[in-house]
Amino acid sequence: MKQEFQKIINKIETLKTNLYNKDFLLTWEKNLDELKEILLVAEALKHLRDNNISTKCFESGLAVSQFRDQSTRTRFSFASASNLLGLEVQDLDEEKSQIAHGETVRETSNMISFLTDIIGIRDDMYLGAGNTYMREVGKALDNGFNEGVLPQRPGIVNLQCDIDHPTQSMADLLHLKKHFGSLENLKGKRIAMTWAYSPSYGKPLSVPQGIIGLMTRFGMDVQLAYPEGYDLIQEVIEIASKNAIENGGKFGVSHSMTDAFRNADIVYPKSWAPFKVMEERTKLLKNKDISGLKKLEEKCLLQNANFKDWECTEEKMKLTKNGEALYMHCLPADISGVSCKEGEVQESVFEKYRIQTYLEAGYKPYIIAAMMLTNRFENSAKVLDRMFKRNISRETFKVF
Amino acid sequence: MKQEFQKIINKIETLKTNLYNKDFLLTWEKNLDELKEILLVAEALKHLRDNNISTKCFESGLAVSQFRDQSTRTRFSFASASNLLGLEVQDLDEEKSQIAHGETVRETSNMISFLTDIIGIRDDMYLGAGNTYMREVGKALDNGFNEGVLPQRPGIVNLQCDIDHPTQSMADLLHLKKHFGSLENLKGKRIAMTWAYSPSYGKPLSVPQGIIGLMTRFGMDVQLAYPEGYDLIQEVIEIASKNAIENGGKFGVSHSMTDAFRNADIVYPKSWAPFKVMEERTKLLKNKDISGLKKLEEKCLLQNANFKDWECTEEKMKLTKNGEALYMHCLPADISGVSCKEGEVQESVFEKYRIQTYLEAGYKPYIIAAMMLTNRFENSAKVLDRMFKRNISRETFKVF
Amino acid sequence: MKQEFQKIINKIETLKTNLYNKDFLLTWEKNLDELKEILLVAEALKHLRDNNISTKCFESGLAVSQFRDQSTRTRFSFASASNLLGLEVQDLDEEKSQIAHGETVRETSNMISFLTDIIGIRDDMYLGAGNTYMREVGKALDNGFNEGVLPQRPGIVNLQCDIDHPTQSMADLLHLKKHFGSLENLKGKRIAMTWAYSPSYGKPLSVPQGIIGLMTRFGMDVQLAYPEGYDLIQEVIEIASKNAIENGGKFGVSHSMTDAFRNADIVYPKSWAPFKVMEERTKLLKNKDISGLKKLEEKCLLQNANFKDWECTEEKMKLTKNGEALYMHCLPADISGVSCKEGEVQESVFEKYRIQTYLEAGYKPYIIAAMMLTNRFENSAKVLDRMFKRNISRETFKVF
């Protein structure tokens, strides 16, 4: 273990990064070295935890989680990451709190931050609102810190917004790095990020947007495919195109799942709602127009039903590179005949890659922890080195 | 304190047990030595805590609690046990999470376990479902661990299911051991586990089942009594009979509270729903048949009302050994004239034994902690010995 | 830092106090030295935390929070205080628990306390009930401890009741001490505790009662003003009068906001419900008389609307000492044109003092922590001294 760990530390030390005290909101706001540092720190932490070596670097402190949407895995990933570093989670549950009662973001952001190191926010319901909200929180924290209200300026980690889902896409990237051996090996690899049919509606756009915005940074051949009308946010499409050009990769958009799968090394079939539907839905949600929402849902489900053939089947998998592309999903997947009648993926395909998707998900706690650690400590290599050298057993008595 | 503590350690070392990495789901799946080890470890931990000596053996890690039913005392017992050992509780609250949205048990079990040491589950609502569910979780964790998804295979502690309530019955057993001086002293002691009237319905069978399944292991004379029709699960009755034969005890079933109380050393009067009602209720719950449930409740409450004389009164207590049997209850009890008009126990009887029932409940956090500790550490005697010898004050500054 | 910290320690050592093992329920049950000790301990803890020095004094243990009302800031303050000292928060959420199901206070208080050091309670909804409830809990804990059920008798901290809001008023007092330089400097300072218009109703009386009950202890000139009919609890008025006489201060009651503001050094304009309305509301709440509550609300809002001129405006602020009185609020304030159409305070006034109100709120976690620490440790000066001297970095790796 020692040599492998040392190699990670050495690599981190070669990087030119500036993550300290910077919020992690969008992957495309970070330079390549910064993304690499997150991956390496996550790997190092996983290394230590897998060997039951303590990774605590906070003696006390709070990590506030704010979820505006239901969540099992992100909630547990955040709690795991906090515990890994020694922070205690405190949920800002809006049903329990007074936020809905007219408090301003500015005020609440300060009120929850007197002893807080990290705030994790998931806000993906309203198009044009989630990421904006996180920046408002950030400004309020800057103000509070500058005015002496807060002894430290807590860092913000985006746990999913309307634009990006950086903890997911970075966990996905780490999975790919591990699966293919290195980031270098990803160059030229084709990933098909495609829409897939689901009997639900209103799924956020942040996963496909996160994937095309990130994977184009690493020289991959990113093929986005969706039925006509299921557009993503235009700005993210432009970012992906620009990324591909600048990083020696490719970015294509088509309306054929079959074409996207052809010769793909990786497939990522996943349902999402059309941008325009999300826009309309946001308006209706803001107006609390229940009957309008009901009608929109019906319309949207009817529209979805035209594209039931957008299913990841064994047959379609045969089109991929040697018929053996890596299947990815952020989970939970809509599995035909299991979680729904007809869905995103055929049962046999999912079953074949089930463990792979679990491994993929397993990187998320470490990615979040890496974002926390790099936000709070200026020199992550030094911190990791100390963790390794002090060598405290996580299970205190296993050492005897 | 030192000698008493050393005696506990010495006793543990004589036992032949295999609790390490094994789930604790039913007491009758454990051998006698294993049950004794749980009791001894619980006693040792209580000893340390009562003297403000630290019992932490985890430097970090999560203890996930999953409650499918309301609960104050079990929730607090689990949280206390986790804190005692150094684990942080993370609730898997199904209202907050996506479990209800079609996720499979298999997947969720892995998703919550990446950094988890213990999962505590309470699932007592559906007959034939609770214990089965725990085993499904266990299989999913085995699979995840074997496939390299999980760095450790979290242990499962049954916090109450449809069949058994091992943390309750083991806490009750520890209370009896302390009250009568030793496990040896329990031999031949008569315990009356009887039904009692309550104006509510649908109370689980797991407490009486747990008691008859456990106390028959220790040579006790276990007398189960209930009105005709209020049967328990047949398999558990058979286990209790078999236990009594194998361990030199007795097991009798009658339909008279008075007969059961006669000459009893211990009485445990507690309401439960008839097995058949629970079966019907399970069907109705699964079908979400609200009006059917309403009708069943009415029918059941009417039926209950025939047995209002199944109350633990001062008069009935006079029938017990010297009129001084130990009254037990898992709490909260339905106290006549206090928490309901007519209930399980007369106010004066409850008041006399109130503190005893609190002491009984007070063992639960330590029983849960003992189940956790023996699951995660191969040699509990060594762990306890180290805790004692390192002698860290729980309140850091009390040492000065 | 060293000298300033040493001065705090020295001051604490001169005080004659008896806070150890005593609940903190009402400020007027504590002597002046005890209030001073709370302030000094809070200051010392803030000092340490601001310099990232560990203030942990519990190695494990639970801090139970029980909120019978929604709350963001008090919940976070309590969680922050607990984390600061090393205790883990466990919420006693009545929706999750069985308390509503007829359990007695006596029983539940013991059931949640087996491994608990502190219980924080907020119960401000029912007049005549909140403080009484806390004392019932206290008696139950005394009983449990004396009977050997509990290894320690947890301390109770009043997080707001129907009579007092000591964590708020003490945080306010610390803010004033810091703002004016010392407690000595508060002598003769005029504070206007006034009612203010709000479009809501049913706000508790505990903040104004807490302020007049506390600030009269420190030689201040406390002017209470409210529209006729908006009386506070008579007993608290009498306490405030008595306090003023005994401590060389003044206490006046008027029905003119303008008069109260005139020449004030500090203004605290805040809405509350009339005592009689709260009394009626308590009856209706107990009877679950929904339509009665609705009618009362309407009547009360109509009555409130007669006093919309009770707003803290720039014009009124000009009446204060040099037009520069310190504006205080417990937050969230009803800001005219921001959180409501017409409210307690004009936007420009609130904005001018916004950061001041945040600073005011920022003392609360430390006040709560000070109440916890002095309850559990006999010699707070010694504890603080040890914290300072052992000098453990809160962020473990910042020391390198």
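Of all the residues that make up region A:41-56, how many are open to solvent by less than 10 Å² (accessible area, probe 1.4 Å) and away from chain B (no Cβ under 11 Å)?
Looking only at that region, the number is 3.
Does B:GLY128 fit the bill of being crowded, with 24+ Cβ neighbours inside 10 Å, closer than 24 Å to B:ILE163 by Cβ and away from chain A (no Cβ under 14 Å)?
No; evaluated as a whole, the condition is false for this residue.
Out of the residues in region B:227-255 that are among the hydrophobic types (A, V, I, L, M, F, W, C), open to solvent by less than 50 Å² (accessible area, probe 1.4 Å) and touching a strand residue (DSSP E or B) at 6+ places or on another chain (Cβ under 8 Å), which is farthest from B:TRP310 (Cα to Cα)?
B:ALA244
Just one of the numbered conditions (1) surrounded by fewer than 24 Cβ atoms within 10 Å (Cβ to Cβ); (2) more than 15 Å from C:THR108 (Cβ to Cβ); (3) touching a strand residue (DSSP E or B) at 6+ places or on another chain (Cβ under 8 Å) is not true of C:GLY138; which one?
Unmet for C:GLY138, out of (1) surrounded by fewer than 24 Cβ atoms within 10 Å (Cβ to Cβ); (2) more than 15 Å from C:THR108 (Cβ to Cβ); (3) touching a strand residue (DSSP E or B) at 6+ places or on another chain (Cβ under 8 Å): (2).
The conditions are (1) in contact with a Gly (Cβ under 9 Å, 6 or more places away or on another chain); (2) surrounded by fewer than 20 Cβ atoms within 10 Å (Cβ to Cβ), and B:GLN346 fails exactly one of them. Which is it?
(2)
Condition first: open to solvent by less than 10 Å² (accessible area, probe 1.4 Å) and either in contact with a Gly (Cβ under 9 Å, 6 or more places away or on another chain) or within 14 Å of chain A (Cβ to nearest Cβ) (or both). Now tell me which residues in region C:377-399 satisfy that.
Matches in region C:377-399: C:MET387, C:ARG394, C:GLU395.
Could you look through region A:108-122, keep only residues that are within 14 Å of A:VAL149 (Cα to Cα) and small (Gly, Ala, Ser), and pick out the one that is nearest to the other protein chains (Cβ to nearest Cβ)?
Here the residue is A:SER113.
In region B:316-342, which residue that is within 10 Å of another protein chain (Cβ to nearest Cβ) and in contact (Cβ under 8 Å) with a residue 12 or more places away in the chain is most open to solvent (accessible area, probe 1.4 Å)?
Restricting to residues being within 10 Å of another protein chain (Cβ to nearest Cβ) and in contact (Cβ under 8 Å) with a residue 12 or more places away in the chain, the top hit is B:VAL338.
Hey, can you tell me all the residues within region A:149-171 that are outside any strand (DSSP E or B) and either among the hydrophobic types (A, V, I, L, M, F, W, C) or within 14 Å of another protein chain (Cβ to nearest Cβ) (or both)?
Taking region A:149-171 first, the residues outside any strand (DSSP E or B) are A:149-154, A:162-171.
Those that are outside any strand (DSSP E or B) and either among the hydrophobic types (A, V, I, L, M, F, W, C) or within 14 Å of another protein chain (Cβ to nearest Cβ) (or both): A:VAL149, A:LEU150, A:PRO151, A:GLN152, A:ARG153, A:PRO154, A:ILE163, A:THR167, A:GLN168, A:MET170, A:ALA171.
Does B:LEU359 count as within 11 Å of another protein chain (Cβ to nearest Cβ), open to solvent by 20 Å² or more (accessible area, probe 1.4 Å) and not β-branched (Val, Ile, Thr)?
Yes, satisfied.
Out of B:SER80, B:SER113, report the one residue that is surrounded by 18 or more Cβ atoms within 10 Å (Cβ to Cβ), more than 17 Å from the chain's Cα centre (by Cα) and in contact (Cβ under 8 Å) with a residue 12 or more places away in the chain. Working first, answer last.
Details: B:SER80 fails: more than 17 Å from the chain's Cα centre (by Cα).
The conditions single out B:SER113.
Being of a type outside the set (S, T, N, Q), in contact with a Phe, Trp or Tyr (Cβ under 6 Å, 6 or more places away or on another chain), surrounded by 14 or more Cβ atoms within 10 Å (Cβ to Cβ) and farther than 23 Å from C:HIS175 by Cα, is that true of even one residue in region C:282-292?
Among the residues of region C:282-292, not one is of a type outside the set (S, T, N, Q), in contact with a Phe, Trp or Tyr (Cβ under 6 Å, 6 or more places away or on another chain), surrounded by 14 or more Cβ atoms within 10 Å (Cβ to Cβ) and farther than 23 Å from C:HIS175 by Cα, which makes the answer no.
Find the residue count for region B:87-105, including only residues that are over 30 Å from A:SER54 (Cβ atoms), at the interface with another protein chain (Cβ under 8 Å from one of its Cβ atoms) and modelled with pLDDT of 50 or more.
2
Exactly one of these conditions fails for C:TRP310: (1) part of a loop (DSSP other than H, G, I, E, B); (2) within 11 Å of another protein chain (Cβ to nearest Cβ); (3) open to solvent by less than 70 Å² (accessible area, probe 1.4 Å). Give me its number.
(2)
Please tell me if C:ALA370 is outside any strand (DSSP E or B) and either farther than 28 Å from A:VAL105 by Cα or without any contact (Cβ under 8 Å) to a residue 40 or more places away in the chain (or both). It would help to see each step written out before you state the result.
On the way: outside any strand (DSSP E or B): yes; either farther than 28 Å from A:VAL105 by Cα or without any contact (Cβ under 8 Å) to a residue 40 or more places away in the chain (or both): yes.
So C:ALA370 passes the test.
Could you list, in sequence order, all residues of region A:5-61 that are acidic (Asp, Glu), out of contact with any helix residue (DSSP H, G or I) (no Cβ under 7 Å at 6 or more places or on another chain) and within 19 Å of B:GLY61 (Cβ to Cβ)?
Of everything in region A:5-61, just one residue is acidic (Asp, Glu), out of contact with any helix residue (DSSP H, G or I) (no Cβ under 7 Å at 6 or more places or on another chain) and within 19 Å of B:GLY61 (Cβ to Cβ), namely A:ASP50.
Spot the failing condition for A:ALA369; the list is (1) within 11 Å of chain B (Cβ to nearest Cβ); (2) open to solvent by 20 Å² or more (accessible area, probe 1.4 Å); (3) out of contact with any Gly (no Cβ under 8 Å at 6 or more places or on another chain), and only one is missed.
Tallying (1) within 11 Å of chain B (Cβ to nearest Cβ); (2) open to solvent by 20 Å² or more (accessible area, probe 1.4 Å); (3) out of contact with any Gly (no Cβ under 8 Å at 6 or more places or on another chain), A:ALA369 fails exactly one: (2).
Based on this model, can you work out whether A:VAL89 counts as aliphatic (A, V, I, L, M) and buried (at least 21 other Cβ atoms within 10 Å of the Cβ)?
In short, no.
Among the residues of region A:256-267, write down those that are part of a loop (DSSP other than H, G, I, E, B), more than 18 Å from A:GLY229 (Cβ to Cβ) and open to solvent by less than 70 Å² (accessible area, probe 1.4 Å).
Residues satisfying the conditions are A:ALA264, A:ASP265.
Among the residues of region A:316-355, count how many are part of a helix (DSSP H, G or I) and closer than 15 Å to A:ALA260 by Cβ. Let's see the steps before the verdict.
Within region A:316-355, the first condition is being part of a helix (DSSP H, G or I), and the residues that meet it are A:316-318, A:321-323, A:347-355.
Retained after the next criterion (residues that are closer than 15 Å to A:ALA260 by Cβ): A:316-318, A:321.
Adding up the residues that qualify gives 4.
Quick check: anything in region B:344-351 away from chain C (no Cβ under 14 Å), among the β-branched types (Val, Ile, Thr) and touching a residue at least 24 places away in the same chain (Cβ under 8 Å)?
Yes, the conditions are met somewhere in region B:344-351.
The values are calculated or read from the model by the stated rules, or taken from the named source; none is laboratory data. Keep in mind that this is a model prediction, so the values were computed, not measured. Cβ coordinates were reconstructed from backbone atoms using ideal geometry, including for glycine residues, and neighbour counts include every protein chain displayed. Surface accessibility is based on the protein's heavy atoms, side chains included, excluding ligands, DNA and RNA. Shrake-Rupley method; radii C 1.70, N 1.55, O 1.52, S 1.80 Å.
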